[in-house]
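The structure appears below as structure tokens.
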Amino acid sequence: MTLCITNARYLGALVDVFVKGGLIENMIQAGHHKADAGTEVFDAQGQVLFPSFIDCHVHLREPGYEYKEDVASGLQAAVHGGFGAVMCMANTKPVNDCAAVTEYILQAARKAFPQGGPHVYPVGAATVGLLGQEMAPLAELAQAGCVAISNDGHSMENSELMRRVMEYAADLKRIVIDHCEDASLARGTHMNEGITSGMIGVKGQPDVGEALHVARDILLADYLDLPVHIAHVSCKRAVDLIRWGKARGVKVTAETCPHYLLLDDSALENYGTNAKVNPPLRTPADVAALREAVKDGTIDIFVTDHAPHAAHEKECPLDEAPNGFTGLDLALSLTYTLVREGFLQEADLERLWSRKPAEIFDLPVNMFAPGDPANFFLFDPEARWLVSPETIYSKSCNTPYAGQELRGRVSAHWLEGKRIF
Amino acid sequence: MENDKAYLWSHKDLLDVTQLSLPDVTHILDLAASFELVNQRPVKKVPTLKGKSIVLFFAENSTRTKTSFDVAGKRLSADTFSLAKSGSSISKGESLQDTVWTLQAMNPDVIVIRHSSSGAAQFIAERLQCGVVNGGDGWHAHPTQALLDCFTLRRAWQGQFAGKTLLIAGDIAHSRVARSNVHLLTKLGVNVRICAPRTLLPAGRQTWPVEYFDTLRDAVKGVDAVMCLRLQLERMLDGLLPDLAEYSRRFCLTPELLSLANSQAPVLHPGPINRGMEIAAAVADGAQSRILDQVAAGVATRMAVLYLLAQRKDGGNK
């Protein structure tokens, strides 16, 4: 069976894409080759074509927190947000620190899309129960299908253990993703420490707590000559350290999230729990530094850190609310605003959301070359939609954008040549 | 009690002094002065709020503020009801949201809330139709305390605020009293100084309209009033201070230090005081102490606030 997507706008040019057997056959200038009889033709009408994105940092909440999200709803949110693959963190209940949990997650993904759908790549816990005390069985996790190792949700307070996890994971060809936060500096905090926290009387988390662990990880990676990946970078101090590490030749890679490029801690001045996230929204100077870092490659990839929480969990005073934003449904609409502003190009989004994530974690990716998996979607940059529980596919609508109108939405998505929606 | 005929109280709630205009502040203080006269009569009760219900929802321990609101409500003939944290559904794990709905169902006219979470008063005010008075939320705000301090200072300074200098000494970072007083008194033209060890100063203080001192001796020189804040013992456990004796050596307001202030400078303290810790007993009990005046001012000021919020629903306050 063959498929032809005609009149799609890819990096500014109108193209036709030919698909055969779930793979890209070729991509050519629009209208230069007539599809053979029997080919299914889809007229993209000039909508923007992207390869399916890969989100290397999500929380699917299953097993254990299905009231926030489950694998099926999380994957619906993913495909409707343009993601063909997600890497899900281990802080489920039970924690993904053994093969049984990894296999459970993979099975849930197969059940959600029995005919084939988005890829779920579990991330195995670095330590048993994410408690930061004993190393989890990393080889067992890798063999069961975990593509990376992380203690995400919790910091690695024990530097010796962090070092050993990096070494042990290296033998398994797995990268360690570190949630950087100094626990003593972050304890009891609910937002960034700064002008807003001082004004509204909320205990703040200084960005140095994040930067301290970034520095430690870079020095460990330097010393061991091993890779390390820094999760959800939120502040300038961390960016400066990563830039220094890269210039020195350290194998450090880093991610950031759309919200760290678009929002600052003033979003919390009215105690909005939907603006509470960890790491917290920082200052306008941090936002500016992160944008520069995304542009110059210091930050390698975008991730959503999709962290759904049920509405009732956020309906409370700020200091009682859990951290995190739902993100998969909104990610492209939010990051496309940077293209609209002229700060990034569509090619940058493709790099940050697709090519680089695949490169860092050694995952299959579509670069529209013959033989690549036919994973791609169409994006209508002019579509306007209101962010609400009714319009998103995630079970939870905990985002500072709830109730706001966003511009641009994914209109159709194909995985391995099959239309998912 | 109403001088400016054009003035109209327009607020559903009193959450922080930042929401108040200068005419609002003047109006509250004038109203409090008239209620103060009621409090000095043999029969200390007026029928003003007869039939109104005031719920005192204190989810954090408090004796003086709660009693002050209770007395204020009763002297206006309102019915006051207490809902404390211990023994209530709050201690059984009920969420604030559910408590709010329960309170709403009782259809009170005003709710006074004290809560350990900054922003809790705003949280319930956004969800309730009745008036909400913030009786202290976390480290954020304590507007009636700032108003009663203002009332006390107005009397001590004979109505003059502009150009006066007030020193607030003690734990600024964790103090809702300090935040509300900084906002209110700087709005009135008072120069505010703060003095505390750096570990007890708030983040972002460089944007605050205050002058910072790290030694009490320098801070107190030439001020027109001193406000001491209570030192909470838990600050030491949090590692913010070495020990209490050292704190008191550096930051206790002694008669000798007070003598560096302008003569007759009043001394305020929101209470309860730690004698010998942030304030020497001789100062607390001395001629310049206005601590007990503050308590009396508290009842009068809260009468004014309760009156304004409870009457608002009836279409104005005339």
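The set of residues in region B:1-56 that are surrounded by fewer than 18 Cβ atoms within 10 Å (Cβ to Cβ) and of a type in the set (Ser, Thr, Tyr) comprises B:7, B:10, B:18, B:21, B:26, B:34, B:48. Select from region A:289-305 the residues that are within 20 Å of residue A:361 (Cα to Cα) and either free of Cβ contacts under 8 Å to residues at least 40 places away in the same chain or of a type outside the set (D, E, K, R) (or both) and write down the one among them that is surrounded by the most Cβ atoms within 10 Å (Cβ to Cβ). Per the criteria, the residue is A:304.
Taking helices (runs of 4 or more DSSP H) as the structural unit, those lying wholly within region A:268-374 and holding at least 1 residues that are under 21 Å from residue A:49 (Cβ atoms) and within 13 Å of the chain's Cα centre (by Cα) correspond to A:331-340, A:346-350, A:356-361.
State which residue is surrounded by the most Cβ atoms within 10 Å (Cβ to Cβ) when the search covers only region B:115-166 and only residues that are closer than 21 Å to residue A:318 by Cα and either free of Cβ contacts under 8 Å to residues at least 12 places away in the same chain or of a type in the set (Asp, Glu) (or both). Of everything passing the filter in region B:115-166, B:137 is surrounded by the most Cβ atoms within 10 Å (Cβ to Cβ). Within region A:180-211, the residues that satisfy the criterion of being within 11 Å of chain B (Cβ to nearest Cβ) and of a type in the set (D, E, K, R) are A:187, A:193, A:203. For region B:122-141, which residues satisfy the criterion of being facing chain A (nearest Cβ under 10 Å) and either part of a loop (DSSP other than H, G, I, E, B) or not charged (D, E, K, R) (or both)? Once the filter is applied, which keeps residues that are facing chain A (nearest Cβ under 10 Å) and either part of a loop (DSSP other than H, G, I, E, B) or not charged (D, E, K, R) (or both), region B:122-141 yields B:122, B:123, B:124, B:126, B:127, B:138, B:139, B:140, B:141. Restricted to region B:237-318, the set of helices (runs of 4 or more DSSP H) holding at least 3 residues that are in contact with a Leu (Cβ under 7 Å, 6 or more places away or on another chain), in contact (Cβ under 8 Å) with a residue 24 or more places away in the chain and under 28 Å from residue B:29 (Cα atoms) comprises B:291-312. Since residue A:187 meets every condition but one in (1) free of Cβ contacts under 8 Å to residues at least 24 places away in the same chain; (2) at positive phi, which condition does it not meet? Evaluating residue A:187 over (1) free of Cβ contacts under 8 Å to residues at least 24 places away in the same chain; (2) at positive phi leaves (2) as the failure. Looking at B:178, B:173 in this structure, which one is within 14 Å of chain A (Cβ to nearest Cβ) and in a helix (DSSP H, G or I)? After applying the criteria, what remains is B:178. Kindly establish whether residue B:238 is within 14 Å of chain A (Cβ to nearest Cβ), farther than 21 Å from residue B:154 by Cβ and over 24 Å from the mean Cα position of the chain (by Cα). Taking the combined requirement at face value, the residue satisfies it. For region A:1-26, the set of residues classified as in contact with a Gly (Cβ under 9 Å, 6 or more places away or on another chain) and part of a loop (DSSP other than H, G, I, E, B) consists of A:1, A:21, A:22, listed by residue number.
Put simply, of B:146, B:156 the only residue that is within 24 Å of residue B:36 (Cβ to Cβ), more than 11 Å from chain A (Cβ to nearest Cβ), out of contact with any strand residue (DSSP E or B) (no Cβ under 9 Å at 6 or more places or on another chain) and not aromatic (Phe, Trp, Tyr) is B:146.
Laboratory data are not the source of any read-out in this text; all were calculated from the coordinates shown. All values derive from a computational prediction rather than experimental measurement. Positions of Cβ are generated from backbone atoms using ideal geometry, with glycine treated the same way; all protein chains shown enter the neighbour counts.
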